[in-house]
Every structure is written in structure tokens, then in C-alpha cells.
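K.L.:
My structure is below; once you've seen it, I'll send some questions.
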Amino acid sequence: MRIAIFGAGAIGGLMGARLAAKGAAEVTIIARGPHLAAMQAKGLTLRSGGEEMTVHPRCVATAEEAGQQDYVVVTLKAHSLPGAARQMQPLLGPETAIVSAVNGIPWWYFHKLPGPFEDRRVASVDPDGTVWDLLAPSRAIGAIVYPAAEVSEPGVIEHSYGDRFTLGEPDGSRTARVAALSEALIAAGFKAPVRPRIRDEIWVKLWGNLAFNPISALTETTLDVITGDPGQCGVARTMMLEAQAVGQALGIRFGIDVDKRIAGAAEVGVHKTSMLQDLERGRPMEIDALLGVIVEFAEMTGLPAPTCATVLALLRGRARAAGLYP
């Protein structure tokens, strides 16, 4: 089994290191800059649970060097995918699956989703349809990322918590390809359940991200502050209820209520969301895949989402002021 990790930062590095260490797949890591140079020179080091290991997977700079793969795991930020889709073409053979380990609503979301929006393209994450055209949705396997990790220095991944990657086919079937990927990830030490309703889990993770990430970027505060402050938490709760109505209109089943989801975020404690981290480091934020898409879906379904729309406008303004949004 040949697996390429495209855009191998923290999460891609974690997955690649574990797969390589256990011999669960023939791993190729596609990266760039000092991170790539360090991995090529010294290997990829993973620090997790008080232990450290170094592995030596194949590390290359381009898809051409990697060649065709059985699976391509995409761990880029959502806004980077349209620009990367063309670069990924040399990785794709007739049967190559693309494992979409990207936060928020993916480009393939409406593929094989019965109903009035089947095969509709998601403008917020794929504005001109480039990703849909170049990375055919029939290749897609959904993947929800639960681990937390960071690149502490070039070639070194610090894994802090979590070991689950939930997988699912867009049509809910248990295909040979998703079963084989699950088995490889389990052999590498991860939990990798295959779910028939992958979109439900996408929404439960998104449910918190669509509110807490934007608020943290606007207020520059951590999760404990947001969930502990009645004003900020009230805004988050209203956004989440607006989004829940939109999700339910699209057939999503929420297995927990909004207050339990907020309580789960509060338990994380003093934590900077990924959006706040990106803002502080001068990197583009995942605005549209996490919140812009909610406003888009609200307009599609004819449902009101005024708080989400207001926070989206403020967040885009904040990002533009920092030179981080077109």
C-alpha cells in the first residue's frame, strides 16, 4: 500500500511517522522548506507520550518525485487546496483515493448526498470549481482529525493528545478501499473507525470550530476565557444554534446538544484555537471552510443565520486588516 502525505505538517507528520514506524504502508512525505530539509537529513522525529522515535520515510518536495499512489492524505489548510490541486496530479492514478483530512466542510460534501443539493459545489471552499474538477469527488474518503500536534522545530512533531481518525465514504458504504485504509491506520496505532454517516461527525467537530475559532481570533482569547465569559459564550451558543438548524435542514443528526458541545470545549481549558495561532503567526486563517460555508448553506436552505453572518463579516475585516484575507 502506497500512501503519500501531501502537505505534511504536524498532523501529516504524526500519521506518516506512525505508519512508517509500524511498516503499515510505504510512506512518502511531500513537504517543503526547512521541514523537508530536516527530514531528508535526519529523519522525522515524533515525540508522543513521553517517548521519542525517529523514522526515515521517503521525503520529497514534489508530487512528480513521489509518483502515483494508492492513497493521498491531504493535510493542508482548506484555503490552500485550490492552489495545490494541480500540483497533486502526478500522484493520481486511475484508482487513487484522496483522503480529505482537512478542517471544515470539504469540497466533496454534496457528492452522492441524496436530495436537492446532490453534486452541488461548495463555493466557500472551492470558489471556481477547481478542486472538484481536478480532484474528482469520486476519489474522496472523508477523514476527521482528532489528534493535536505541532511542528516544534523542522523535522520534529510534538503530539499532545488524541489518536483517532474517523473515516467514511461520501455515500456511506464500506468499500474495500476505506476498509484497507482503516486497517493500516489501526496497525499504526490509531483508532480509525469507518462511519456510515461521516457528515454527522464532520458537523459535530465543525460545530465548535465555527464559533470558538472566530471568536478567539476577534478577541485574542483562549477557550477557557471564551467559555467562561457569559457574553462571549452567549455569542458562540447563538452561532452554534443557527448552524445546527442549517445542518438539520441538510439531514444532519446531532448526537449531542449544544450545551454538551460547549462543555466539551470548556474542558480543553487554556487553549489557543488554530485560527488564533494562525493570526498570531501571520498566516491565512480557515475562515471560509469553518464559517463562510455556514452562511453559504444558510442562504441555500433559506434559514436565518444573522449572528454567524455578523461574526463572519467582522472576522474577514480583522483578517484583511492583518493582510491575511484577499
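K.L.:
Taking Gln89 as the residue in question, decide whether it is in contact with a Cys (Cβ under 6 Å, 6 or more places away or on another chain), surrounded by fewer than 24 Cβ atoms within 10 Å (Cβ to Cβ) and either assigned by TED's automatic domain parsing to the domain that holds Glu183 or within 30 Å of Leu279 (Cα to Cα) (or both). It would help to see each step written out before you state the result.
P.N.:
On the way: in contact with a Cys (Cβ under 6 Å, 6 or more places away or on another chain): no; surrounded by fewer than 24 Cβ atoms within 10 Å (Cβ to Cβ): yes; either assigned by TED's automatic domain parsing to the domain that holds Glu183 or within 30 Å of Leu279 (Cα to Cα) (or both): yes.
Spelling it out, it is not the case that Gln89 is in contact with a Cys (Cβ under 6 Å, 6 or more places away or on another chain), surrounded by fewer than 24 Cβ atoms within 10 Å (Cβ to Cβ) and either assigned by TED's automatic domain parsing to the domain that holds Glu183 or within 30 Å of Leu279 (Cα to Cα) (or both).
K.L.:
In this structure, is Lys191 touching a Phe, Trp or Tyr at 6+ places or on another chain (Cβ under 8 Å), surrounded by fewer than 23 Cβ atoms within 10 Å (Cβ to Cβ) and closer than 25 Å to Ser152 by Cβ?
P.N.:
On the way: touching a Phe, Trp or Tyr at 6+ places or on another chain (Cβ under 8 Å): yes; surrounded by fewer than 23 Cβ atoms within 10 Å (Cβ to Cβ): yes; closer than 25 Å to Ser152 by Cβ: yes.
The answer is yes for Lys191.
K.L.:
Here's something else I'd like to know. If you check Ser160 against the conditions, is it over 21 Å from Ala4 (Cβ atoms), hydroxyl-bearing (Ser, Thr, Tyr) and either at pLDDT 95 or above or in a loop (DSSP other than H, G, I, E, B) (or both)?
P.N.:
It is false that Ser160 is over 21 Å from Ala4 (Cβ atoms), hydroxyl-bearing (Ser, Thr, Tyr) and either at pLDDT 95 or above or in a loop (DSSP other than H, G, I, E, B) (or both).
K.L.:
Could you tell me how many of the residues in segment 119-157 are touching a Lys or Arg at 6+ places or on another chain (Cβ under 9 Å), loosely packed, with under 15 Cβ neighbours inside 10 Å and assigned to a strand (DSSP E or B)?
P.N.:
1
K.L.:
Now for a different question. Farther than 23 Å from Ala149 by Cα and part of a helix (DSSP H, G or I): which single residue out of Gly208, Gly251, Gly247 fits that description?
P.N.:
When all the criteria are applied, what remains is Gly247.
K.L.:
Those residues that are within 20 Å of Pro284 (Cα to Cα) and not small (Gly, Ala, Ser), I need them from segment 205-222; list them, please.
P.N.:
If the condition is that a residue be within 20 Å of Pro284 (Cα to Cα) and not small (Gly, Ala, Ser), then Leu206, Asn209, Leu210, Phe212, Asn213, Pro214, Ile215, Leu218, Thr219, Glu220, Thr221, Thr222 are the ones that fit.
K.L.:
Would you confirm, using the coordinates I've provided, whether Leu113 is assigned to a loop (DSSP other than H, G, I, E, B), within 17 Å of Ile198 (Cβ to Cβ) and not assigned by TED's automatic domain parsing to the domain that holds Glu286? Working first, answer last.
P.N.:
Details: assigned to a loop (DSSP other than H, G, I, E, B): yes; within 17 Å of Ile198 (Cβ to Cβ): yes; not assigned by TED's automatic domain parsing to the domain that holds Glu286: yes.
Considered against the rule, which asks whether it is assigned to a loop (DSSP other than H, G, I, E, B), within 17 Å of Ile198 (Cβ to Cβ) and not assigned by TED's automatic domain parsing to the domain that holds Glu286, Leu113 comes out as yes.
K.L.:
Turning to a different aspect of this structure: Taking segment 1-18 as the region of interest, how many residues are touching a Pro at 6+ places or on another chain (Cβ under 8 Å) and in contact (Cβ under 8 Å) with a residue 60 or more places away in the chain?
P.N.:
Result for segment 1-18: 3.
Each row is one residue, and each column tells you yes or no for (1) buried (at least 19 other Cβ atoms within 10 Å of the Cβ); (2) over 30 Å from Gly292 (Cβ atoms); (3) of a type in the set (Val, Ile, Thr).
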{"position": "Ala8", "(1), (2), (3)": "yes, no, no"}
{"position": "Gly12", "(1), (2), (3)": "yes, no, no"}
{"position": "Ala20", "(1), (2), (3)": "yes, yes, no"}
{"position": "Gly23", "(1), (2), (3)": "no, yes, no"}
{"position": "Ala31", "(1), (2), (3)": "yes, no, no"}
{"position": "Leu36", "(1), (2), (3)": "no, yes, no"}
{"position": "Ala41", "(1), (2), (3)": "no, yes, no"}
{"position": "Leu46", "(1), (2), (3)": "yes, yes, no"}
{"position": "Ala63", "(1), (2), (3)": "yes, no, no"}
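K.L.:
Then there's this: Residues to consider are Gly208, Gly115, Gly142, Gly168; find the one that is under 22 Å from Phe254 (Cβ atoms), modelled with pLDDT under 95 and within 18 Å of the chain's Cα centre (by Cα).
P.N.:
Testing whether each residue is under 22 Å from Phe254 (Cβ atoms), modelled with pLDDT under 95 and within 18 Å of the chain's Cα centre (by Cα) leaves just Gly208.
K.L.:
Then there is this: Which of the following residues is of a type in the set (Ser, Thr, Tyr) and crowded, with 22+ Cβ neighbours inside 10 Å: Thr238, Thr273? Break it down into steps so the answer makes sense when it comes.
P.N.:
Values: Thr238 fails: crowded, with 22+ Cβ neighbours inside 10 Å.
After applying the criteria, what remains is Thr273.
K.L.:
Restricting to segment 31-73, what's the tally of residues that are in contact with a Lys or Arg (Cβ under 8 Å, 6 or more places away or on another chain) and of a type in the set (A, V, I, L, M)?
P.N.:
Number of matching residues: 3.
The values are calculated or read from the model by the stated rules, or taken from the named source; none is laboratory data. No experiment lies behind these values; they were computed from the predicted model shown. Methodologically, a virtual Cβ is constructed for each residue, glycine included, from the backbone with ideal geometry; neighbour enumeration extends over all protein chains shown.
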